[in-house]
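First the structure, in the form of structure tokens, and then the observations on it.
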């Protein structure tokens, strides 16, 4: 569907190209897709970088070195600065008739929506990348009960209730949000997509695996953010149990739990654990293909709070999914029903080690699961499908009024 609206869309996302984070890459894809389909787009972001084929307003100035080590307080202050900068820009330069698409990084950026609606009459769509404040409670950043949690829950109810639509990334997130904030909220589910897909090569033929010395070993890869809601310990403990076996564990990325990987590697002298930084987007096709299984880990309770975007890249790369999560969650049931991977409960490292050792000796089974992953992605997911859904939501936001 191609829009014909002459009105402008303001896309507000703290993270954007050229950042290597998942949200940055997803929102860059979304912006390019909308621009390609004829939308008049202006992006507001805190990420430094060059101009693109559409206006990109970069509000926070030069990027500070060592950003990967910024703690919770530093991220909150940086996010607050971006919120205030975006608010001032929109108050000064926002025009009557503009629509606003707000992406939930930082999580409190959604407060912009009611403010802009009240002060300038700008309608907005809000996109939840993860459900705040629940994500902060599960992470231990906010208390589970008390006035602060209640305050944030009330504010987010206002953000969602006043939006034209609030976008969530899975049916599980939709159900959780309705339970937490109210069943009458204007919610819609739009899945993320694979920002890149692995090249069509086997791990044994992968130049990336050869470059890092594991092309001849059955490999399990965890690629992306090592976030507070992600379970890495089950995978690391399985690596410890399998350290004498020809199985390689590869961690690519960074985040709050990076120290867990470093502690396990050094504390147990794990030669079968390799840790690499985020890869540039141009190298993702090579890195995503350099494994036999690709892993996702979720701590208990996170299954309906986040929707791991790495899932789509794994499917699109034709790799089996190793999901460490509660077996009863929607994502686990999808993997099991499609027959495209393994599901192991958090903490069950011994079971995981046994299943990986068995699977390392079953190349035909690995190949079949990978083929099912790709088929599932092609049948149900993808950027073009998601663009269609976003256009439907945004067309209602920006349709000309008499």
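Each value in this text was obtained by applying a stated rule to the coordinates, not by laboratory testing. The structure displayed is predicted, hence computed values, not measured ones. Glycine also receives a Cβ, built like all others from the backbone with ideal geometry; neighbour counts cover every protein chain displayed.
Translational diffusion of region 42-160, estimated by Stokes-Einstein from the Kirkwood radius over alpha carbon pairs at 10 °C in a medium of 1.306 mPa s, is 102 µm² per second.
Cβ-to-Cβ counts within 10 Å put 230, 35 in ascending order as 35, 230, the fewest first. Taking N as the residue count of the chain, its C-alpha radius of gyration divided by 2.2 N^0.38 Å amounts to 0.99.
Placing a pseudo-label 7 Å from each Cα along the Cα-to-Cβ vector at residue 211 and residue 148 gives an inter-label distance of 4.3 nm.
State whether region 203-380 is rounded, prolate or oblate according to the following rule on the C-alpha gyration tensor (a ≥ b ≥ c being the square roots of its eigenvalues): a/c under 1.5 gives rounded; otherwise a/b larger than b/c gives prolate, and the remaining case gives oblate. Taking the square roots of the gyration eigenvalues as a ≥ b ≥ c, region 203-380 is rounded.
Taking the fewest neighbouring Cβ atoms within 10 Å as the starting point, the ordered list for 303, 196, 348, 14 is 348, 196, 303, 14. Going from the fewest other Cβ atoms within 10 Å to the most, the residues 283, 179, 32 appear in the order 179, 283, 32. With viscosity 0.890 mPa s and temperature 25 °C, the Kirkwood radius over alpha carbon pairs of region 352-391 converts through Stokes-Einstein to a diffusion coefficient of 201 µm²/s.
In the chain, the DSSP-assigned H stretches of four residues or longer account for a calculated mean residue ellipticity at 222 nm of -13000 deg cm²/dmol, using -39500 (n - 2.57) per stretch and the full residue count as denominator.
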